[in-house]
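A.B. asks: Before anything else, here's the structure in question.
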Amino acid sequence: MTSDDRRSLGPGRRATDWNPHPPAGAAGCRVVDLPRITDPRGNLTAIEGGSEVPFDIARVYYLYDVPGGESRGGHAHRELEQLIVAASGSFDVVVDDGTETARFHLNRSYHGLYLPRLTWRELGNFSSGSVCLVLASQPYSEDDYYRDYGDFAAARRTAEAAGQVPAGRVPAGSGA
Ligand code: TYD
């Protein structure tokens, strides 16, 4: 059964597709298809930590009422892993592993962009009324942030040299 077959399943059928698209790059950023319970009354997606996402969910937050032309992000995290979902509308996420960048256009509420630790991200091009839902592996901690790109890039190189993260290369092309 292909992912397209799964997408066309009828009402009440559970559709799950773990095939990432595009294939995960060395940096580990990837779009995953989330389960969908399709229903004529409206579709439903449920996300469970350790199942639909590769970490236990410690925190959920969301961005909304983002004015046109604004951007968010502009930081990386020391340890935090995240899954970003366009719960409504669309926006772009530009990821940077310190070596390369890739732009993901998220516009489906059943797609999640997984970001591993030590990934610089910028969010922009928000459509009107869009909602950016984020599932995070840890509670909020300002100490976990790199807000200076140079500090992030140096930490990334150190982690790569220590074999803690893959050598930098993000997947080419966009998801969604
Ligand atoms: P931040 O993650 O810096 O967002 P952006 O990079 O898009 O500006 O968060 C903005 C502010 O919100 C910052 O002062 C910290 C606060 N915040 C929390 O208190 N809890 C949270 O879970 C998050 C994500 C942010």
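A.B. asks: Are there any pairs with C-beta distances below 6 angstrom linking a residue in region 61-89 that is more than 30 Å from residue 159 (Cβ to Cβ) and within 14 Å of the ligand (Cβ to nearest atom) to a residue that is part of a strand (DSSP E or B) and not aromatic (Phe, Trp, Tyr), with the two at least 6 apart or on different chains, and if so which?
C.D. replies: Sorted first by the residue in region 61-89, then by its partner, the pairs are 64/131.
A.B. asks: Can you name every one of the strands (runs of 3 or more DSSP E) wholly within region 45-105 that holds 2 or more residues which are at pLDDT 95 or above and surrounded by 15 or more Cβ atoms within 10 Å (Cβ to Cβ)?
C.D. replies: Numbers: elements: 59-63, 72-77, 82-88, 91-96.
Once the strands (runs of 3 or more DSSP E) in region 45-105 are filtered for at least 2 residues that are at pLDDT 95 or above and surrounded by 15 or more Cβ atoms within 10 Å (Cβ to Cβ), what remains is 72-77, 82-88, 91-96.
A.B. asks: Just one of (1) within 14 Å of the ligand (Cβ to nearest atom); (2) surrounded by 15 or more Cβ atoms within 10 Å (Cβ to Cβ) trips up residue 147, so point out which.
C.D. replies: All conditions pass for residue 147, except number (2).
A.B. asks: Among the residues of region 97-129 satisfying the criterion of being within 14 Å of the ligand (Cβ to nearest atom) and touching a residue at least 60 places away in the same chain (Cβ under 8 Å), which is nearest to residue 37 (Cα to Cα)?
C.D. replies: Per the criteria, the residue is 115.
A.B. asks: I'd like to know if region 151-164 contains one or more residues that are free of Cβ contacts under 8 Å to residues at least 40 places away in the same chain and within 16 Å of the ligand (Cβ to nearest atom).
C.D. replies: yes
The values are calculated or read from the model by the stated rules, or taken from the named source; none is laboratory data. Predicted model, so just to flag it, every value in this text is computed and none were measured. Glycine also receives a Cβ, built like all others from the backbone with ideal geometry; neighbour counts cover every protein chain displayed.
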